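Notes follow the structure.
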Amino acid sequence: EQTLAVLKAQGYRTEAPAADQLLARLQRLLKPYYRPGQVNQELEALLREDLADLLPLSTYRQWLDGLPKAKREAWLASAGKPEDSVLLVRRKLHFVIPRLKLGNIIITPQPPRGEPVSQNIYAKTKELYHSATAAPPHSYMAAYLWLRQQFRADALVHYGTHGTQEWLPGKERGLSVYDDPLLALGDMPVIYPYIVDNIGEAVQTKRRGRAVNVSHQ
């Protein structure tokens, strides 16, 4: 709320809703990702309420097919086919990207590291947060692809300690653009407000997440 108010005062095209209104809308975005329920119904509801956008499966497939063959085949062997994602709607042809649009700024939850194991029961995603071997689901990478190619984000500001992008599989340092943490980001700059007493994980955001940390508290 404070960040949005400052940005608006500085001339950025955004809105600064009251804290209770902002919280209610953000909780609404999280519901399909983390709470039991009918996933497709929840996603369609977000679309009707203008709280989500669509990324065509064909766009995602084009990006996936452009990866090196060894990387693509290993990922498909681990994560399965993108067509099998439960976060696809409209005849399974579009990924749904929950987002709150506030002028030229959007707020979107980081996608879960694991998809629902069925339409009503979610995988225990906390067990995957630090996994160095479990490939991210296609819906995870689709959300970042939407940020880069469709929304055309100038920068990503990550709130929260900690995220999952900087813990994705890949080398511990000196990452390749085809290691998962950087594959998600592409060339997006990352700004990361980070609590000052969590030095170890802040280093991880810089070393593996290519973040610029802004310490607080």
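Shape of segment 3-98 from its Cα gyration tensor (a ≥ b ≥ c, root eigenvalues): rounded if a/c is under 1.5, otherwise prolate when a/b > b/c, or oblate? The shape class here is prolate.
Once every DSSP H run of n ≥ 4 in the chain is given -39500 (n - 2.57) and the sum is divided by its residues, what mean residue ellipticity at 222 nm do you get, rounded to the nearest 500 deg cm²/dmol? Please report the intermediate quantities before stating the final value.
Working: 8 runs with 77 residues, N = 217.
-10500 deg cm²/dmol, from helical runs alone.
Sparse packing (at most 12 other Cβ atoms within 10 Å of the Cβ) combined with a DSSP loop state is found for the following GluC sites (Glu not before Pro) in segment 17-77: Glu49. In terms of its alpha-carbon gyration tensor, segment 140-217 comes out oblate; a/c meets the 1.5 threshold, while b/c is at least as large as a/b.
Stretching Ser58 away from Ile195 to a fully extended chain increases their span by 45.4 nm, per 0.36 nm per residue minus the current alpha-carbon distance. When the Cα convex hull of the chain is projected onto planes of every orientation, the mean area is 12.1 nm².
Heavy atoms only, probe 1.4 angstrom, no DNA, RNA or ligands counted: give me Thr3, Thr14, Thr59 ranked by accessible area, highest first. Please list the in-between numbers first.
Values: Thr3 65, Thr14 15, Thr59 40 Å².
Per-residue accessible area, sorted high to low, gives Thr3, Thr59, Thr14.
What percent do you get for the relative contact order of segment 112-217 when only Cα pairs under 8 Å and 6+ apart count?
On the way: 150 pairs, mean separation 24.9, N = 106.
For segment 112-217, the relative contact order is 24 percent.
Gap in Å between the Cα centre of segment 1-77 and the Cα centre of segment 98-113? Between the Cα centres of segment 98-113 and segment 1-77 lies a distance of 4 Å. Using a probe of 1.4 angstrom and keeping all protein chains present, the accessible surface of segment 152-217 works out to 53 square angstrom per residue.
Calculate, for segment 1-59, the solvent-accessible area per residue in square angstrom, rolling a 1.4 angstrom probe over the heavy atoms of the protein chains. List each step's numbers first, then the result.
Numbers: 3650 Å² over 59 residues.
Computed with neighbouring chains in place, this is 62 Å² per residue.
Percent of accessible area on segment 36-111 owned by carbon and sulfur, 1.4 Å probe? Exposed carbon and sulfur together represent 50 percent of the surface. Probing with 1.4 Å while keeping every protein chain in the model, the per residue accessible area of segment 60-105 equals 52 Å².
The values are calculated or read from the model by the stated rules, or taken from the named source; none is laboratory data. Owing to the predicted nature of the structure, the values given are computational and were not obtained by experimental measurement. A quick note on method: Cβ atoms are made from the backbone with ideal geometry, for glycine too, and the neighbour counts reach across all protein chains shown. Surface areas here come from the heavy atoms of the whole protein model, side chains and all, with no ligands, DNA or RNA. Shrake-Rupley method; radii C 1.70, N 1.55, O 1.52, S 1.80 Å.
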